[in-house]
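The block underneath contains the structure these notes are about, expressed in structure tokens.
The values are calculated or read from the model by the stated rules, or taken from the named source; none is laboratory data. Here the structure is a predicted model, which is why all the values come from computation and not from measurement. Cβ placement follows ideal geometry from the backbone for every residue including glycine, while neighbour counts extend to all protein chains displayed. Remember, those area values only see protein heavy atoms, side chains included, never the ligands or the DNA or RNA. Shrake-Rupley method; radii C 1.70, N 1.55, O 1.52, S 1.80 Å.
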Amino acid sequence: DQQVKQNSPSLSVQEGRISILNCDYTNSMFDYFLWYKKYPAEGPTFLISISSIKDKNEDGRFTVFLNKSAKHLSLHIVPSQPGDSAVYFCAGRTSNTGNQFYFGTGTSLTVIP
Amino acid sequence: DVKVTQSSRYLVKRTGEKVFLECVQDMDHENMFWYRQDPGLGLRLIYFSYDVKMKEKGDIPEGYSVSREKKERFSLILESASTNQTSMYLCASSLEGAVQVELFFGEGSRLTVL
């Protein structure tokens, strides 16, 4: 049972434009949501997080929006750069005994120069 | 700078061999995790540990075991490797609680089972 879903396997965007990556979840117990970026043959690197009690968090070119009623979050990258081309994973965290993280299947972003 | 180190970046093993994947973190994190990443399937949790000598099954524990004898070290063991265990294995650690939210990953170990 996939608790976090990323329904778009891939996305292509022109350099300088906005990239919007989407994520849906089913578990109401997630207390944080996180976005990770992954290049081939490397481990994922943390990008940005948002608490479940917030609806927006911004860090430079990256903004994450959370819509709890729709159980939906999105990552906006503005402006998109070629170096942003990577696979992006969305994750939800629960705080039961030990933190647990549930990941989506990823969206491969290609930024076209 | 925080660090999660996986012992081997690339391994090639034969079917039936016993495989050890080692992971060490230097951040004094309570929680450690092993994931595997496969195309189209994302990151799937194999095992996690929230304390020394404690282990919990994740979503896909079959064919794997783990060991956590020291806080900083979490090992993944494939008792008898099979070709369907060819994958990218990712170790990660996190601090308990909300002070520092994120999960820190190692560079990954690409395992090929022939």
Where the eigenvalues come from the Cα gyration tensor of segment B:4-113, what are the semi-axes √(5λ) of the equivalent ellipsoid, largest first, in whole Å? 23, 14, 13
Only Cα pairs under 8 Å and at least 6 apart count here; give the relative contact order of segment B:4-113 as a rounded whole percent. 36
Separation of the residue B:107 and residue B:83 label points, Cα + 7 Å toward Cβ, nm: 3.0
For residue A:41, what is the net charge nearby, where nearby means another residue's Cβ is under 13 Å from its Cβ and Lys, Arg count +1, Asp, Glu -1? +1
With +1 assigned to the C-beta of every Lys and Arg and -1 to the C-beta of every Asp and Glu, and no other charges, what is the dipole magnitude of the protein assembly as shown about the Cα centre in debye, to the nearest 20? 340
Mind listing which GluC sites (Glu not before Pro) in segment B:70-113 are in a DSSP loop and have 10 or fewer other Cβ atoms within 10 Å? none
What Kirkwood hydrodynamic radius do you get for segment A:15-69 when you take the inverse of the mean 1/r over all pairs of distinct Cα atoms, in Å? 12.8
How big is the protein assembly as shown along each principal axis, measuring the range of its Cα positions in Å and listing the largest first? 49, 37, 36
Starting from the amide H of residue A:110, placed 1.01 Å from N in the peptide plane, find each other amide H under 5 Å away whose residue is 5 or more places distant or on another chain. A:11, A:12, A:13
Using R₀ = 22 Å, calculate the FRET efficiency as 1/(1 + (r/R₀)^6) where r is the Cβ-Cβ separation of residue B:17 and residue B:67; round to 0.05. 0.80
If we sort B:5-18, A:24-37 on the protection proxy, mean other Cβ atoms within 10 Å, highest first, what's the order? A:24-37, B:5-18
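Rolling a 1.4 angstrom probe over the protein heavy atoms, how many square angstrom per residue are accessible across chain A?
47
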If the viscosity is 1.002 mPa s and the temperature 20 °C, what Stokes-Einstein diffusion coefficient in µm²/s follows for segment A:30-113 when Rh is the Kirkwood radius over Cα pairs? 159
Which part of segment B:3-38 falls in the paramagnetic zone of residue A:41, meaning amide N under 11 Å from the point 7 Å along Cα-to-beta-carbon? B:10
For labels at residue B:28 and residue A:20 in the simple 7 Å Cα→Cβ model, what's the distance in nm? 4.4
Leaving out ligands, DNA and RNA, calculate the buried accessible area for the pair B and A with a 1.4 Å probe, summed over both sides, in Å² to the nearest 100. 1900
